[in-house]
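As structure tokens, the structure follows; a few thoughts come after it.
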Amino acid sequence: MDHLDQLENISIHILREAYANFKNLGMLWSIGKDSTVLLWLARRAFFGHVPFSLIHIDTTYKIPEMAPYRDRLTVEWRLNMIVGINEAALKLKQTFPDGKVDRIACCRLLKTEALKNTLSGVGPRYIFNHGKGAYELDQSKEPFTGIIAGVRADEEGSRSKERYFSPRDQENIWNLCDQPPEFWNQFKTDFAPGTHVRIHPLLDWTELNIWEYIHREKIPTVSLYYNHGDGKRYRSLGCYPCTFPIDSDSRNTAEIIEELRSGKLSNIAERSGRAQDKDDGGGLETLRRDGYM
């Protein structure tokens with residue numbers, strides 16, 4: 001058994017443990033490479049079927065190619081797809097850069113608050129109707145008590161502090177000092193009533209592992225990750241006003257793997273193209289403490 005097989009087995013075990021222990025479970029799908037690998041693993045864990053809802057938070061500022069890719073796989077893989085939007089903030093133009101707030105406030109409103117309201121059922125949720133081939137308002141207001149996310153410890157500093165099963169309070173606030181110990185393959189899945197739990201099956205994967213697995217499994221990914229002739233590609237995906245490509249000649253998964261193994265990107269943070277990570281005032285860790293992905 002090689003290293004990828006070992007990582008795959010651990011992730012599938014975590015997914016099955018989560019499904020067995022949490023009543024109303026959802027999985028975040030950002031359309032990025034990590035959460036798409038997570039989606040692939042979920043389909044493998046449950047024999048081609050994903051037995052819980054996929055949740056995408058749509059800021060309406062995502063790079064245009066992302067939503068069509070999401071909807072294509074939703075149809076092809078028969079996913080129970082839910083989209084959450086902070087419609088109130090958009091209506092009030094509490095956005096960046098064409099609105100009334102700065103970048104971090106925009107992230108907090110369009111991502112963190114939208115996510116909280118979607119998970120709690122307080123905000124509007126739109127569900128894909130496979131019969132109609134369109135989204136419609138979700139009539140269910142049942143909250144999600146557990147959320148699976150494609151967080152990797154090596155991606156950036158705040159994510160390295162996570163656990164496989166990471167408790168939040170009822171407001172989705174993350175207390176770094178209240179994380180359960182996890183020894184070997186022993187995980188805490190029994191939490192007090194009202195605890196919201198984030199589950200991270202990819203925690204010990206690296207960026208290189210992700211691309212090796214995508215290459216091996218031939219997982220369909222959004223083409224923004226590849227150079228199309230201009231010498232640039234995206235390494236991490238987000239909203240277009242705050243996400244920038246890197247210089248790279250990699251046109252496919254094999255070339256990305258070679259690029260990562262060469263060390264060319266070893267001194268460049270994976271999320272260096274994500275502007276919110278660089279802002280003063282705590283940046284991404286502050287957002288994540290408040291409930292951001």
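Among the residues of the range 92-111, is any outside any loop (DSSP other than H, G, I, E, B), in contact with a Phe, Trp or Tyr (Cβ under 6 Å, 6 or more places away or on another chain) and within 22 Å of Ser11 (Cβ to Cβ)? Quick ask: steps written out before the conclusion?
Restricting attention to the range 92-111, the residues satisfying the condition of being outside any loop (DSSP other than H, G, I, E, B) are 103-111.
Keeping just the survivors that are in contact with a Phe, Trp or Tyr (Cβ under 6 Å, 6 or more places away or on another chain) gives 103, 106, 111.
Of the ones still in play, those that are also within 22 Å of Ser11 (Cβ to Cβ) are none.
The answer is no; no qualifying residue exists.
If you check Leu79 against the conditions, is it closer than 30 Å to Pro245 by Cα, surrounded by fewer than 20 Cβ atoms within 10 Å (Cβ to Cβ) and modelled with pLDDT of 95 or more?
Spelling it out, it is not the case that Leu79 is closer than 30 Å to Pro245 by Cα, surrounded by fewer than 20 Cβ atoms within 10 Å (Cβ to Cβ) and modelled with pLDDT of 95 or more.
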- Query: Within the range 191-210, can you find the residues that are outside any loop (DSSP other than H, G, I, E, B) and out of contact with any Phe, Trp or Tyr (no Cβ under 9 Å at 6 or more places or on another chain)?
  - Reply: Glu207, Leu208, Asn209, Ile210
- So which residues in the range 110-162 are surrounded by fewer than 19 Cβ atoms within 10 Å (Cβ to Cβ) and of a type in the set (Lys, Arg)? Lys132, Lys141, Lys161
- Message: Against the condition of a type in the set (Val, Ile, Thr), part of a strand (DSSP E or B), under 26 Å from Lys218 (Cβ atoms) and in the same structural domain as Phe187 (by TED's automatic domain parsing), how does Ile55 come out, does it pass?
- Response: yes
- Looking at Leu7, is it touching a Phe, Trp or Tyr at 6+ places or on another chain (Cβ under 6 Å), within 17 Å of Ala149 (Cβ to Cβ) and not in a strand (DSSP E or B)? yes
- In the range 80-111, anything in contact with a strand residue (DSSP E or B) (Cβ under 9 Å, 6 or more places away or on another chain) and not aliphatic (A, V, I, L, M) is listed as Asn80, Gly84, Asn86, Phe96, Cys106, Cys107, Lys111
- Are there any pairs, at least 6 apart or on different chains, whose C-beta atoms fall under 7 Å, with the first in the range 118-140 and part of a loop (DSSP other than H, G, I, E, B) and the second exposed (fewer than 10 other Cβ atoms within 10 Å of the Cβ), and if so, which? Pro124/Leu137
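Of the residues in the range 40-57, how many are closer than 30 Å to Ile104 by Cβ and touching a residue at least 40 places away in the same chain (Cβ under 8 Å)?
Looking only at that region, the number is 3.
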- Message: Return the pair list, or none, for Cβ contacts closer than 6 Å from residues in the range 69-86 that are more than 13 Å from Thr36 (Cβ to Cβ) to residues that are in a loop (DSSP other than H, G, I, E, B), at least 6 apart or on different chains.
- Response: Val83/Asp58; Ile85/Asp58
- Item | Single condition Val50 does not satisfy, out of (1) modelled with pLDDT of 95 or more; (2) surrounded by fewer than 16 Cβ atoms within 10 Å (Cβ to Cβ); (3) in a loop (DSSP other than H, G, I, E, B) | (2)
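In the set Tyr234, Tyr226, which member is in contact with a strand residue (DSSP E or B) (Cβ under 6 Å, 6 or more places away or on another chain), at pLDDT 75 or above, more than 21 Å from Leu110 (Cα to Cα) and not assigned by TED's automatic domain parsing to the domain that holds Glu142?
Result: Tyr226 is the single residue among Tyr234, Tyr226 that is in contact with a strand residue (DSSP E or B) (Cβ under 6 Å, 6 or more places away or on another chain), at pLDDT 75 or above, more than 21 Å from Leu110 (Cα to Cα) and not assigned by TED's automatic domain parsing to the domain that holds Glu142.
The values are calculated or read from the model by the stated rules, or taken from the named source; none is laboratory data. Just so you know, these numbers come straight off a predicted model, no measurement behind them. Positions of Cβ are backbone-derived with ideal geometry, glycine not excepted, and every protein chain shown enters the neighbour counts.
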